[in-house]
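**Q** This structure is in structure tokens; I'll ask about it shortly.
Bear in mind that the values in this text are calculations on the coordinates, not laboratory data. If you're wondering where the values come from, they're calculated on a predicted model, not measured in any experiment. As a convention, Cβ positions derive from the backbone with ideal geometry for all residues, glycine included, and neighbour counts pool all protein chains shown.
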Amino acid sequence: MVRTYLDGMRLPVNPLEDVTLKMQGSNKQYEIVAIGEITKLGNRKLMTVTINSLFVEAGYHPFAQGGGSPESYVQKIKRIMDRKSTTRLVITGDGIDINLRCTIEEFSPSRKFGDWEDVYYTLSLKEYRSYSAKRLSTPKKNTVRIKTDTPQNARDVSSQDAQKPGTYTVKTGDCLWNIAKQYYGNGADYTKIYEANKDKISNPNLIYTGQTFVLP
């Protein structure tokens, strides 16, 4: 015996017509030069199913199952739609096995003239596919702090370098002031170079390309 359930509620009358699960793809066709029409395969669309049946008074028809008035079934389906949640369609028996989590897309109850006791209806259902939005986390940027020397620090470093003896060969455009500023951080320290190299420098304002001075 075939039994039909919606949201755990057994429907009093099985579908009056064959139940067909309609499946469609989302394939798309394109026209490619020198090839012709091609098909780009897409994902399967949600299945749909339509049930045509009726609600009857309990015990009024021998083929009906369950109990309750036609209006009570109408109100139960209305409540399913009002709660804004999914439902489940189950049709089982005689080799049929349909178990579909779905949403109610359309429900159309009606009465026929001369048959006011029964409620005929069309129920359109669509498969529900679970999904969830993924939360993306962006990697934290590593902040690299670069310690820069202030002019004061630069002078301190130059002063330390000044403690180390070295030599410097004069290049075109050099003067003692620029050499002292480069190595000591202060051009006024040119006198240090002059005092250490008096044997080579007769006039601190006159130095020549190629001369090699000791840097004290």
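**Q** Pairs Lys78/Lys134; Lys45/Lys112; Lys28/Lys84; Lys84/Lys134; Lys28/Lys78: which are spaced more than 27 Å apart, C-alpha to C-alpha?
**A** Values: Lys78/Lys134 33 Å; Lys45/Lys112 35 Å; Lys28/Lys84 32 Å; Lys84/Lys134 23 Å; Lys28/Lys78 37 Å.
In this structure, Lys78/Lys134; Lys45/Lys112; Lys28/Lys84; Lys28/Lys78 exceed 27 Å between Cα atoms.
**Q** I want to verify a result. In a Gaussian network model of the chain, Cα cutoff 10 Å, which of these has the top mean-square fluctuation: Ile80, Ile91, Ile193?
**A** Ile193
**Q** For Leu41 and Met1, FRET efficiency with R0 = 45 Å and r from the beta-carbon atoms, rounded to 0.05?
**A** Numbers: r = 41 Å, r/R0 = 0.91.
In this case the efficiency is close to 0.65.
**Q** Sticking with this structure for a sec: Would you mind estimating how fast the chain diffuses translationally, via Stokes-Einstein at 10 °C and 1.306 mPa s with the Kirkwood radius over Cα pairs, in µm²/s? List each step's numbers first, then the result.
**A** Values: Rh = 26.3 Å.
D = 60 µm²/s.
**Q** Which residue fluctuates most in the GNM of the chain (Cα springs below 10 Å): Lys78, Lys171, Lys22?
**A** Lys171
**Q** On a full-extension model of 0.36 nm per residue, what is the gain between Asn205 and Lys78, subtracting their alpha-carbon distance, rounded to one decimal in nm? Intermediate values should be presented prior to the final figure.
**A** Details: separation 127, 0.36 × 127 = 45.72 nm, distance 10.41 nm.
Length difference between fully extended and current span is 35.3 nm.
**Q** So which residue, out of Lys134, Lys181, Lys112, gets the largest mean-square fluctuation from a GNM of the chain using Cα contacts under 10 Å as springs?
**A** Lys181
**Q** Compute the signed sum of charges (Lys and Arg +1, Asp and Glu -1) over the other residues within less than 11 Å, Cβ to Cβ, of Lys45. Intermediate results must be reported in sequence, preceding the final value.
**A** Numbers: positive: Lys22, Arg44, Lys126, Arg129; negative: Glu127.
Summing Lys/Arg as +1 and Asp/Glu as -1 gives +3.
**Q** Here is a further query. Would you calculate, for the chain, the mean residue ellipticity at 222 nm contributed by helices, counting each DSSP H stretch of 4 or more residues as -39,500 (n - 2.57) and dividing by all residues, to the nearest 500?
**A** -5500 deg cm²/dmol
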